[in-house]
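Everything below concerns the one structure shown next.
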Amino acid sequence: MSAKVWLVGAGPGDPELLTLKAVRALHEAQVVLIDDLVNFAILEHCPTARVIAVGKRGGCRSTPQAFIHRLMLRYVRQGKCVVRLKGGDPCIFGRGGEEAEWLRAKGVEVELVNGITAGLAGATQCGISLTLRGVSRGVTLVTAHTQDDSSLNWQALAQSGTTLVVYMGVAKLSEIRDNLLAGGLAANTPVAMIENASLPHQRECRSTLADMQLDAVAFELKSPAILVIGEVAGGYNSAGADVLANSLKHCG
Ligand code: SAH
């Protein structure tokens, strides 16, 4: 066991979706810095570690990133094995890349461990196949939230022909709808909105691009949630029969 920082993906919430490597890192950890989207139940894998909560939910009081950096550095320089535990995958909207680069620049050994990202888990939990032969040839993961207010190329997204998985979109549903409609995506494109994916209190709301904002309000959709936008999200309603039939045609 040597002093280093593991940047570990804790997966979307279901403790059984943790990787074996994440469990090994937790067993070795002496200090665990944990984000607030992580299911604290997985701390059973590190019963003797010191656990420090460093959550930083958008819009809420949060631990400054610079403080988290310094905390990791302090413990690793004390010779400790540190695990930085993040929801989903550390490198999907999780600042894993940033933290790894900062630590390596300080001469710290860093190991990244994948986690199952919320978008993939949410779709699977709702029976949605993000790619489907004859229906969707790809997936695009995007965040609706930016720190610098830079905008996405919505037209390119609307015309990409891929399934769109949107993170951090709950507060921006009107904007997402308007931008994708303006970009040429059909108003009746199916949408699945999945809250607390993979957890016992997971909820799912099916809608269309045109109606998703109003439906989300009626449903009282709350963060954390992901949106799956594309024909594959219609696979299990009446219109979706066509989606599956179309895909099956390609199965020889
Ligand atoms: N690194 C994480 C994403 C962090 S960004 C990952 O790979 O999953 C935070 C956003 O992720 C939330 O606003 C929400 O859009 C999404 N998210 C995280 N956990 C979720 C969950 N259990 N269910 C639905 N969405 C989730």
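The values are calculated or read from the model by the stated rules, or taken from the named source; none is laboratory data. This is a predicted model, so every value here is computed, not measured. Here the Cβ positions follow ideal geometry from the backbone for every residue, glycine too, while neighbour counts run over all protein chains shown.
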Checked pairs for region 65-83, first assigned by TED's automatic domain parsing to the domain that holds T48, second buried (at least 18 other Cβ atoms within 10 Å of the Cβ) and of a type in the set (D, E), C-beta under 9 Å and 6 or more apart or across chains, list as Q65/E99; I68/E99; H69/E99; M72/E99
Which one of these is within 16 Å of the ligand (Cβ to nearest atom), in contact (Cβ under 8 Å) with a residue 40 or more places away in the chain and either in the same structural domain as T140 (by TED's automatic domain parsing) or over 20 Å from the mean Cα position of the chain (by Cα) (or both): E195, E204? E204
Filter result for A192 (surrounded by 14 or more Cβ atoms within 10 Å (Cβ to Cβ), part of a loop (DSSP other than H, G, I, E, B) and touching a strand residue (DSSP E or B) at 6+ places or on another chain (Cβ under 9 Å)): no
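Counting only residues that are more than 13 Å from the ligand (Cβ to nearest atom) and under 21 Å from G13 (Cβ atoms), which one in region 129-143 is farthest from the chain's Cα centre (by Cα)?
Kept after step one, since they are more than 13 Å from the ligand (Cβ to nearest atom), are these residues of region 129-143: 129-140.
With the extra rule that they be under 21 Å from G13 (Cβ atoms), the set shrinks to 129-130, 139.
On the way: S129: 16, L130: 14, V139: 13 Å.
Filtering first and then ranking leaves S129.
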Could you list, in sequence order, the residues of region 195-222 that are over 18 Å from Q125 (Cα atoms) and assigned to a loop (DSSP other than H, G, I, E, B)? L209, A210, D211, E220
Say we look at region 147-170 and pick out the residues that are touching a strand residue (DSSP E or B) at 6+ places or on another chain (Cβ under 7 Å) and part of a loop (DSSP other than H, G, I, E, B); which of these is nearest to the ligand (Cβ to nearest atom)? M168
